[in-house]
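The values are calculated or read from the model by the stated rules, or taken from the named source; none is laboratory data. Computed from a prediction, not measured in an experiment: that's the story for all the values here. No Cβ is skipped: glycine too gets one built from the backbone with ideal geometry, and neighbour counts run over all protein chains shown. For accessibility, only protein heavy atoms count, side chains too; no ligands or nucleic acids. Shrake-Rupley method; radii C 1.70, N 1.55, O 1.52, S 1.80 Å.
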Amino acid sequence: LRNAMVNRKTGKFSMEVKKTVDKGKRVLVMTNDYYYTDIKGTPFSLGVALSRGHGKYFFRGNVTVEEGLHDLEHPDVSLADEWSYCNTDLHPEHRHLSQLEAIKLYLKGKEPLLQCDKELIQEVLFDAVVSAPIEAYWTSLALNKSENSDKGVEVAFLGTRTGLSRINLFVGAEQLTNQDFLKAGDKENIFNADHFPLWYRRAAEQIPGSFVYSIPFSTGAVNKSNVVTASTSIQLLDERKSPVVAAVGIQMKLEFFQRKFWTASRQCASLDGKCSISCDDETVNCYLIDNNGFILVSEDYTQTGDFFGEVEGAVMNKLLTMGSFKRITLYDYQAMCRANKESSDGAHGLLDPYNAFLAAVKWIMTEFVLFLVEFNLCSWWHSDMTAKAQKLKQTLEPCDTEYPAFVSERTIKETSGNIACEDCSKSFVIQQIPSSNLFMVVVDSSCLCESVAPITMAPIEIRYNESLKCERLKAQKIRRRPESCHGFHPEENARECGGAPSLQAKMVLILFPLLLMLFSR
């Protein structure tokens, strides 16, 4: 793709790509369609990537402007403000308008100078009309106390392919567990200029009709891993094309979600009406993990959000061997690695002219004094107090790293196995929860199997030997020089270029440290 664009060709092709999300901890495997061509009269080429899952096809319906404006003006409706429904940069009087305000003025005919995308606005109006009934449904749920008596579900949301969003709060804004969700600062979960929200993209890549559950990872001192987000895509199914038109979901308290899981895990039936074994038994450990191997529910609540391989390394290693999960190696060619460097406190960071001059004067004076007298002045001058202290200093240097990501195999619904450890056998069973990206894992807790090391997701620095460095130099990416070169411009004043004030040291400033040193002795 890069070579074709550098060579200014026109064409298209498809490719399976891996997209990292959630700070590189998750990976989406998707198929993209690429279109590229050169821009005439310029040295540039243009490329467009469309995700086949939710970016290529769209559905367009017809509604009247009156209907669309009525539902578009609902207070719970918002549009992707970074998208260009209308060009508000052409005229200064339009720059203060939001995209929603610009659309309203354009449809009402009050701003004839506004230039807007008619087709996109027509799609937005259709989405606003079709999605309007969901507001009444959410309201009925909020009023029905039996459905949400403990206020476990806090937010319901909907996003369409045209950038329209609807949000409904089931609790007060000040009571939200995750105050940042769907706000302007939450770049991953709102419509941006370069991507759809994360809950939209993950739902679009799942099997239609299934829900994607996840917990946001903690960032710094802010703990966000106390909520669960669930979303599913809305897809129009026919024999030819299946466009994803929207995604809908909720965010709930983690404690509420965990309580639902433990209640469901105890509801099993057998011949005698009692479970032969349950998660309450001390002989087993129960986990609920997602399709990337992160723990949502565990008997040890501190493990929430951890990678399953770090907690049960032997079981995760067996799942990888059996094919239930697969490892995807990712690379970061712009990483920063810590390096230990030896430094000296007694050395100057930069050998500037003043230090060089003082060092020379000090040496001359030492030789002169030693020539005149021979007593303890020499030992005093070269005392141990001037010894240099060596220490290791940690610095950050550019490097290449590799790190793993993990994805479950969708076709495997249930599997079990035994792991031979040093003095015991560890058994486990894993089962996919229908219509979701979740797996329930039950592990024998009596066998610790400590001989198998945990599987971590920590990045590892790639250290190149001389042969690998040579191969990388041979495989440098192609480049294409511009067809014309502009080394100067007739209106440019060359005398203004390259001029820099010279540094001149005053004699008084040079002699002052010397005099001060002599009198201090």
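A full extension of the chain between Trp83 and Lys18 corresponds to an added length of 20.9 nm, given 0.36 nm per residue minus the alpha carbon distance. Under the combined filter of DSSP loop state and at most 12 neighbouring Cβ atoms within 10 Å, the range 79-109 retains these trypsin sites (Lys or Arg not before Pro): Arg95.
Accessible area per residue for the range 419-469, computed on protein heavy atoms with a 1.4 Å probe, is 59 Å².
Shown for the range 65-266: the carbon plus sulfur share of the solvent-accessible area, taken with all protein chains present and a 1.4 angstrom probe, equals 54%. For Arg26, the residues whose amide H sits under 5 Å from its own are Val21, ignoring neighbours fewer than 5 places away on the same chain, with H placed 1.01 Å from N. Taking R0 as 60 Å, what's the FRET efficiency between Ile412 and Ile39 from their Cβ-Cβ distance, rounded to 0.05? So, using R0 = 60 Å, E works out to roughly 0.80. May I ask for the distance between the Cα centers of the range 16-32 and the range 422-445, given as a whole number of Å? Between the Cα centres of the range 16-32 and the range 422-445 lies a distance of 26 Å. Of the GluC sites (Glu not before Pro) found in the range 395-448, the ones in coil according to DSSP and having at most 14 other Cβ atoms within 10 Å of their Cβ are Glu422.
Qualifying chymotrypsin sites (Phe, Trp or Tyr not before Pro) in the range 153-188, where qualification requires a DSSP coil assignment and no more than 14 other C-beta atoms within 10 Å, are lacking entirely. R0 = 45 Å: FRET efficiency of Lys183 with Leu358, Cβ-based, nearest 0.05? For Lys183 and Leu358, the calculated efficiency is 0.20. From the alpha carbon centroid of the range 115-143 to that of the range 148-213 is 16 Å. The label point for Glu450 and the one for Cys421, both projected 7 Å from the Cα toward the Cβ, are 1.0 nm apart. In the context of the full set of protein chains, residues of the range 81-224 present 50 Å² of accessible surface per residue (probe radius 1.4 Å, heavy atoms only). Using the Cα centre as the reference, give the magnitude of the dipole from point charges on the C-beta atoms of the range 49-161 (Lys, Arg: +1; Asp, Glu: -1; all else neutral), rounded to the nearest 20 debye. Around 320 debye, computed over the range 49-161. Its Cα gyration tensor gives the range 65-266 an equivalent ellipsoid; the semi-axes, largest first and in whole Å, are 32, 19, 17. What the range 1-51 shows is 62 Å² of accessible area per residue, with the surface traced by a 1.4 Å probe over protein heavy atoms. Length available on full extension from Glu255 to Lys477: 0.36 nm per residue minus the Cα-Cα distance, which gives 74.8 nm.
Per the Kirkwood formula applied to alpha carbons, the range 1-134 shows a radius of gyration over Rh ratio, Rg over Rh, of 1.06. With 0.36 nm allotted per residue and the present C-alpha distance subtracted, the Phe58-Phe217 stretch has 54.0 nm of extension available.
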